[in-house]
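Inspection log for the structure reproduced underneath, given as structure tokens.
Since every read-out is calculated from the coordinates, none of them should be taken as a lab result. If you're wondering where the values come from, they're calculated on a predicted model, not measured in any experiment. For neighbour counting, all protein chains shown are included, and Cβ atoms are generated from backbone atoms with ideal geometry for every residue, glycine included.
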Amino acid sequence: MTPPASPSEHSSSPEHSSPRGPESPARARPTEQDRRVQQLTFRAQALEKKRAAVERTLRDLLEGLLEVDDILADAVRRTTAGEANGTDGTGRPGAAQAGPGLLEEQLGAAHRVLRRRLLAAGVEPMDLVGSRAVPSISRVVAREPRASVPADTVLEERVTGFYADREVLREALVVVAVPGRDPEPEPDPEPTAEPTAEPGAAPPTAAPVRPRRQPRRPSRHKRRKRRT
């Protein structure tokens, strides 16, 4: 007959021993690596907010430059149109008479420099004339009948559209073609004909200028009578 086991033997048996596994994650203290990951995550979020703010600021700047581009382009068109009639393109004298060639050259140079700067920043014009109008990048503001081109072909960009990094920065305002007859060209203004003399007739002569009559001076005898 075997003697009963002592309490020390019960406590040391594997059946009655309390299991001790690894500590639970909830009770585990954050390690140095965890703290570094949290710091990097916080910095990445802060940088993302700054990047979004910079992008908004840059977009506002680019839209402002587009307004300058519109003004310069309109000034070039007005100056070019005004060279024919001596005005500034709106019927008002002054700008073209003061030197339209120089003014056009300066405005054209400024416009080219601005377009080059915009292109360097990733902003480029759409150049939709001759292509089919696409609603996602353009808005139709007028339609003109044309028989020589397909319908919905862009005939003119009233306001130039631009891309920024291959995304639409501003949609274009365009004039498109619709089926119909081409408009008749405007007739050239007829030059004013100068009056011509008939064959064999003497050329017209200017009327002679009559000399101005001077008042006659009274004779010496009449002057003496007046004195007396």
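Neighbours of S131 by Cβ distance under 11 Å: Lys/Arg scored +1, Asp/Glu scored -1, total -2.
Listing E144, E48 from fewest to most neighbouring C-beta atoms within 10 Å gives E48, E144.
Were the residues from A120 through V68 laid out at 0.36 nm apart, the gain over their Cα-Cα distance would be 17.1 nm.
Spin-label pair R35-R139: with each label point 7 Å from Cα along the Cα-Cβ axis, the two points sit 5.6 nm from one another.
Note on V178 and R56: their simple-model spin labels are 4.2 nm apart, each label 7 Å out from Cα toward Cβ.
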